[in-house]
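> Got a structure for you, written out below as structure tokens; questions coming shortly.
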Amino acid sequence: MNRVARAKPRQGFHIWVRFEDGTAGDLDLSDLAGRGVFKAWEDRRLFESVRISEAGAVEWPGGVDLCPDAVYLRLTGRQPEELFPALRAVRCGA
């Protein structure tokens, strides 16, 4: 698992993240904002309080978090099978 090393809030519902492997970039989370648990981001101060959990996940107060694997896939545009080769065997029926 690739862990998030840093996260900083940006304008709108964007955050800048850097992973332990050096992968970094801006992540647009506006499609999540206002939906389900992410409704809490309507309070801008809460969104800006983004931090990294001990497990390397992106999190906010109140139990709102994003799995580091999901963040990595979203940032890089890679597919789950690229990070987890065992998924290929499961999808192919092997």
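We did not get these values from a lab; they are worked out from the coordinates using the rules stated. Here the structure is a predicted model, which means the values were calculated and not measured. So basically every Cβ, Gly included, is an ideal-geometry build from the backbone, and we count neighbours across all protein chains shown.
> Under a GNM of the chain (C-alpha, springs under 10 Å), which listed residue has the highest mean-square fluctuation: Arg18, Arg74, Arg45?
Ranking Arg18, Arg74, Arg45 by mean-square fluctuation puts Arg45 first.
> Next question, about the same structure. With Cα extents along the principal axes in Å as the read-out, I listed [x] 31, 27, 22; [y] 48, 28, 22; [z] 42, 29, 24; which label goes with the value calculated from this structure?
[y]
> Contact order normalised by length for the range 4-92, with contacts defined as Cα pairs under 8 Å and 6 or more residues apart; what percent is it? Write down the numbers at each step before the final one.
Working: 115 pairs, mean separation 18.6, N = 89.
Value for the range 4-92: 21 percent.
> If Lys and Arg each add +1 and Asp and Glu each add -1, what is the summed charge of the other residues whose beta carbon sits under 14 Å from the beta carbon of Ile52? Present the calculation step by step, with values, prior to reporting the outcome.
Numbers: positive: Arg3, Arg6, Lys8, Arg18, Arg51; negative: Glu20, Glu54, Glu59, Asp65.
Charge balance near Ile52 sits at +1.
> Mind listing which GluC sites (Glu not before Pro) in the chain are in a DSSP loop and have 11 or fewer other Cβ atoms within 10 Å?
Details: sites: Glu20, Glu42, Glu48, Glu54, Glu59, Glu81, Glu82; in loops: Glu20, Glu48, Glu54.
Filter output for the chain: Glu54.
> For the range 44-56, just list the computed ³J(HN,Hα) in residue order, Karplus coefficients 6.51, -1.76 and 1.60, θ = phi - 60°, integers in Hz, with x standing in for Gly and Pro.
4, 4, 5, 4, 6, 8, 3, 8, 10, 6, 4, 7, x
> Report, by chain and number, residues whose modeled amide H sits under 5 Å from the one on Arg10, excluding near sequence neighbours (fewer than 5 apart, same chain).
Here the answer is Ile15, Trp16, since their amide H atoms fall under 5 Å of that of Arg10.
> What does the charge add up to near Val17, with Lys and Arg as +1, Asp and Glu as -1, over the other residues with Cβ less than 15 Å from its Cβ?
Details: positive: Arg3, Arg6, Lys8, Arg10, Arg18, Arg51, Arg74, Arg78; negative: Glu20, Asp21, Asp26, Asp28, Glu48, Glu59, Asp65, Asp69.
In short, 0.
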